[in-house]
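Right, one structure below, let's go through it.
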Amino acid sequence: MRHGLFLVASLLLLFTLNSCEKVVIDGQSSADGETAGSVVISVEGVESYINGDDTRSTLPIEQVCTRLCFAVYQGGSRVKYDNQKLGDSDFGSTVMALDPGHYQLLILGHSGNANPSTTKPEQIKFTNLTASGGTGYTDTFYYFGDLEVSASMPEKSYTLERASAMFRLVVNDRKPSAVKRFYFYYTGGSGQLDVTTGYGNANSQQKVYFDLDASTDNKPLQFELYTFPHQGDQKVTFRIQALDADGETLYSREIKASMEPNFITQYSGNFYSDYTPDDPSDDPEDPVSSSSSIFVDTEWAGVEEFSF
């Protein structure tokens, strides 16, 4: 009988203790007792300009980016993040458990080989692509702004804007057969983006290689490179080399270009003009004519064209 009474008392005590415990949703609770809730964040698309005016539309994110980085900051520190790749079932949308409060949200879209660090919003750093790693430099889009989280809030959708500037080189004369690779070394731009300002903030030494195969013979060549311009009128210097199979420089040029976010700066001309071939079949053809006007397409705010 005594054993039975002890068992009943133990069960009553256990029930009382369990009933006093706080139920935690999503495995997190805030310091003041409020419970973290699920916040759904999605990408509506990428902002684009149409017909050279202020008319804008949006393009689906999967058409322009292969990677997405979501990061949430509070008090200058990153508290949540989610990195996604094209093909993931949830690409373009994320669910985060956040306590009610004030945050900053970053959504970054790019097509690099790897993701940059998003630990600090002022230092989103892309790096040169090498055999051992690196992100490379691609067209890059972002959103950065305040995020107010409440106990009950609807799904939040955002449109990204372009952060990068493009330098486009168009080589009009025919490629000599000995040229197997193009090397671009450029300074004055930045491989690091400060999303709080939308400009680059590092003095980067950016390097990009383009390997050429037989399909590029007898055709004009076009190369596209990206950077984050500094705020203000700082020119970007491009040192361009055409290399042979052994990596020796056959032709080289230097171009200094003014660049700004969401604009293409295009230079066109004959790259091999000093070339005197031994084989008549390697004689460059007549150049393709190019204009010096400014025009706009549907994905960029404008294209500034120059000749060299």
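The values are calculated or read from the model by the stated rules, or taken from the named source; none is laboratory data. In this text the structure is predicted, and so the values were computed from the model without any measurement. Neighbour counts run over all protein chains shown; Cβ positions are idealised from the backbone, glycine included. All accessible areas refer to the heavy atoms of the entire protein, side chains included, with ligands and DNA or RNA removed. Shrake-Rupley method; radii C 1.70, N 1.55, O 1.52, S 1.80 Å.
Data table
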item	result
Residue that is least open to solvent (accessible area, probe 1.4 Å), among those in the range 162-197 that are in a strand (DSSP E or B), charged (D, E, K, R) and more than 30 Å from Lys120 (Cβ to Cβ)	Arg168
Checking Gln241 against (1) at pLDDT 80 or above; (2) open to solvent by less than 70 Å² (accessible area, probe 1.4 Å); (3) over 24 Å from Ser307 (Cβ atoms), the condition it does not meet	(3)
Test: Phe228 is at pLDDT 95 or above and either surrounded by fewer than 17 Cβ atoms within 10 Å (Cβ to Cβ) or not small (Gly, Ala, Ser) (or both)	yes
Selection from the range 29-56 of residues that are touching a strand residue (DSSP E or B) at 6+ places or on another chain (Cβ under 9 Å), closer than 15 Å to Trp300 by Cβ and modelled with pLDDT under 65	Ser48, Tyr49, Ile50, Gly52, Thr55, Arg56
Filter pass, Thr159 being farther than 30 Å from Gly269 by Cβ and either open to solvent by 70 Å² or more (accessible area, probe 1.4 Å) or in a loop (DSSP other than H, G, I, E, B) (or both)	no
Residue within the range 279-288 that is surrounded by 15 or more Cβ atoms within 10 Å (Cβ to Cβ), modelled with pLDDT of 95 or more and either out of contact with any Ser or Thr (no Cβ under 8 Å at 6 or more places or on another chain) or not in a loop (DSSP other than H, G, I, E, B) (or both) present	no
Residue count, the range 144-164 (criterion: in contact with an Asp or Glu (Cβ under 6 Å, 6 or more places away or on another chain) and within 30 Å of Phe238 (Cβ to Cβ))	2
Selection within the range 198-209 - free of Cβ contacts under 8 Å to residues at least 60 places away in the same chain and either within 15 Å of the chain's Cα centre (by Cα) or open to solvent by less than 50 Å² (accessible area, probe 1.4 Å) (or both)	Gly200, Ser204
Yes/no for Glu62 being at pLDDT below 95, charged (D, E, K, R) and within 17 Å of the chain's Cα centre (by Cα)	yes
